[in-house]
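Okay, structure first, notes after.
The values are calculated or read from the model by the stated rules, or taken from the named source; none is laboratory data. Model, not experiment: these values are computed from the prediction. Cβ placement follows ideal geometry from the backbone for every residue including glycine, while neighbour counts extend to all protein chains displayed.
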Amino acid sequence: MSAEEIKTTYPFYHLDDIIAGNHNLIDKGYFDGNTLFDWWKRSAREKGVEYLTNEVIAMTLNASGSQVESVTLATGELIACGTVVNASGPRAVRTSRMAGIEIPVEPRKRYTFIFDAETPLKGDLPLTIDPSGVHMRTDGAYYLAGCPPDDDPPVDYDNFVQDHSIWEEKAGPAIAHRIPQFEAIKLINSWAGHYAYNTFDQNAILGPHTTVRNFIFVNGFSGHGFQQSPAMGRGTAELIVFGEYRSLDLSPFNYTRIENNLPFTEDAVI
């Protein structure tokens with residue numbers, strides 16, 4: 001959409017510094033991640049999946065190093081395994097190192113803000129990704145915004161400290177600039193979370209390791225994890241059960257590209 005087309009459909013934007021934008025009108029929307037995850041978990045239990053509340057602290061490989069034979073839990077139990085799936089988010093490399101494997105995934109901090117507007121928009125605010133890196137959208141009765149810090153280093157795994165200057169100096173001003181009607185807004189809630197950031201190409205790492213063949217990756221989504229998880233989960237299940245992807249060919253995401261230094265770069269990371 002040209003700036004004029006955007007102005008006609010969404011007259012609340014300030015567009016003097018915008019040439020064009022891209023907006024998908026097909027199946028657009030957002031969902032409650034916690035509710036969807038809970039539904040998946042309940043559905044899996046009904047199909048016989050057993051969940052353990054524990055922590056894996058070590059893995060034992062066979063003599064040739066080609067297979068994980070068991071995992072050790074923090075409480076001391078050993079669990080024999082046919083397949084190990086590494087789906088441990090920002091802690092992915094901590095898990096892979098138990099099998100002697102390095103992967104380029106680290107925790108990067110991202111900030112989320114819930115705010116109210118003195119003069120709300122008459123309709124919903126579509127997901128808006130500003131050139132500043134700040135994104136915003138309607139979130140129920142309020143609005144949600146988020147952004148990375150300008151300085152974006154890896155952080156400690158337990159570092160969830162909120163930096164309020166991000167709101168005051170970056171997110172708030174960007175929101176007011178892009179939507180002048182939001183000049184008077186009130187922060188309702190905020191938190192910091194972690195991206196499982198793939199420093200190699202910011203894209204998912206899937207499939208088995210080349211040497212430890214029963215160690216499967218589902219890592220490095222760089223902020224797209226929950227969005228992509230239905231497809232990635234089905235593909236991983238097919239790989240385990242059938243030895244191949246059947247619904248979608250997810251092989252471009254396979255771990256082998258890391259070893260072969262063939263990045264499959266994802267540019268749309270916010």
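The condition (being touching a residue at least 24 places away in the same chain (Cβ under 8 Å), surrounded by fewer than 17 Cβ atoms within 10 Å (Cβ to Cβ) and not β-branched (Val, Ile, Thr)) is satisfied by just one residue among Asp151, Asp130, Asp156: Asp156. Could you say whether any residue in segment 238-261 is exposed (fewer than 13 other Cβ atoms within 10 Å of the Cβ) and under 17 Å from the mean Cα position of the chain (by Cα)? There is no residue in segment 238-261 that is exposed (fewer than 13 other Cβ atoms within 10 Å of the Cβ) and under 17 Å from the mean Cα position of the chain (by Cα). Among residues of segment 207-226 being within 14 Å of the chain's Cα centre (by Cα) and of a type outside the set (S, T, N, Q), the one that is surrounded by the most Cβ atoms within 10 Å (Cβ to Cβ) is Gly220.
Counting only strands (runs of 3 or more DSSP E) that sit completely within segment 133-247, those holding 2 or more residues that are of a type outside the set (A, V, I, L, M, F, W, C) correspond to 135-139, 142-147, 185-198, 205-208. Against the numbered list (1) assigned by TED's automatic domain parsing to the domain that holds Tyr157; (2) modelled with pLDDT of 95 or more, Glu183 comes up short only at (2).
Within this structure, Ser229 fails the test of being surrounded by fewer than 22 Cβ atoms within 10 Å (Cβ to Cβ) and outside the structural domain of Ala92 (by TED's automatic domain parsing). Within segment 173-182, the only residue that satisfies the criterion of being small (Gly, Ala, Ser) and buried (at least 19 other Cβ atoms within 10 Å of the Cβ) is Ala174. Restricted to segment 67-129, the set of strands (runs of 3 or more DSSP E) holding at least 2 residues that are assigned by TED's automatic domain parsing to the domain that holds Asp139 and of a type in the set (A, V, I, L, M, F, W, C) comprises 105-117. Can you pull out the residues in segment 42-61 that are loosely packed, with under 12 Cβ neighbours inside 10 Å, in a loop (DSSP other than H, G, I, E, B) and not hydroxyl-bearing (Ser, Thr, Tyr)? Correct list: Lys47, Gly48, Val49, Glu50, Leu52, Glu55.
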